[in-house]
Amino acid sequence: MPRIRGAWDNKTGNWKNGLLFGTWNLKIVALQEIRWDDTGTLDIQETTILYGKCNERRQFGTGFAIHKSLVPNIRDFKDINPRTSLLTMKAQFFNITFINVHAPSKDKSQEEKDDFYESLDLILNALPQYRIKIVLGDLNAKVGRETVFRPIIGSHSLHEVTNDNGLRLIDFACGNGLVVNVPS
């Protein structure tokens, strides 16, 4: 059960503010770099893998690993392109769409990065406004602890300074009313 006060900070000896969530019993996992030639499903023990195709050079490919208990709740799986796939799940009162992405790395061209985020904007905005949307995956970004970004990213990050890909991610989140959950 999450603590309302937050988590204990061993360094300062104080409680951190906010709620922290996590699980060891993952039932939906976003996968990147699957590198399979086609779209489809694969059943392995208690898991169903929904996957999209890679590009012509056998790079990328995204998908999801889903526990069998959740398979009846799948409403839709779409392979958008080798860097993006969508999974829509029925929850008790609403649907949730998970947008799994594999963003271009820092060494890719500005044009490729611009195209990726423009495509992601279009995908996100094409979903019903009332739908819960969760963007996850490998965003190839370093998000730092700069004070100016705290409303979007909070105050915890592994990095001190945000890189160019991190700025793109923050800009995308700001423009779409999202927050960035940075691992700490």
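Label sites at Thr41 and Arg57, each approximated as a point 7 angstrom past Cα along Cα to Cβ, lie 3.3 nm apart.
The gain in end-to-end length when the Lys27 to Leu127 segment is fully stretched comes to 33.7 nm, 0.36 nm per residue minus the alpha carbon separation.
Using every Cα-Cα pair within segment 60-120, state what percent have a distance larger than 14 Å. Walk me through the numbers on the way to the answer.
On the way: 1111 of 1830 pairs.
Value for segment 60-120: 61 percent of Cα pairs lie more than 14 Å apart.
The candidates Arg131, Arg58, arranged from most to least accessible area with a 1.4 Å probe in the full protein assembly, appear as Arg58, Arg131. Across all Cα atoms of segment 110-165, the radius of gyration (one decimal) and Dmax (whole number) stand at 13.6, 36 Å. Remark: segment 32-184 carries 57 Å² of accessible area per residue (probe radius 1.4 Å; ligands, DNA and RNA excluded). Near Ile132, the amide H atoms lying under 5 Å from its own belong to Asn95, Thr97; only residues 5 or more places off or on other chains count, and H is placed 1.01 Å from N. Gyration tensor over the Cα atoms of segment 37-184: the corresponding equivalent ellipsoid has semi-axes (square roots of 5 times the eigenvalues, largest first) of 27, 19, 15 Å. As a quick test, which of the pairs Lys90/Lys113; Lys106/Lys133; Lys68/Lys90 have an alpha carbon distance above 23 angstrom in this structure? Check vs 23 Å cut-off fails for Lys90/Lys113; Lys106/Lys133.
What the Cβ-Cβ distance of Arg75 and Glu160 gives, at R0 = 45 Å and to the nearest 0.05, is a FRET efficiency of 0.65.
Split the accessible area of segment 51-98 by element, probe 1.4 Å, and carbon with sulfur accounts for 53%. Listed by chain and number, the lysines whose C-alpha is less than 19 Å from the C-alpha of Lys53, apart from same-chain residues fewer than 8 away, are Lys78.
The values are calculated or read from the model by the stated rules, or taken from the named source; none is laboratory data. These numbers come from a predicted model, not from an experiment. Reconstructed Cβ throughout: ideal geometry from the backbone, glycine too, with neighbour counts over all protein chains shown. Accessible surface is based on the protein model in full, side chains and every heavy atom, while ligands, DNA and RNA are left aside. Shrake-Rupley method; radii C 1.70, N 1.55, O 1.52, S 1.80 Å.
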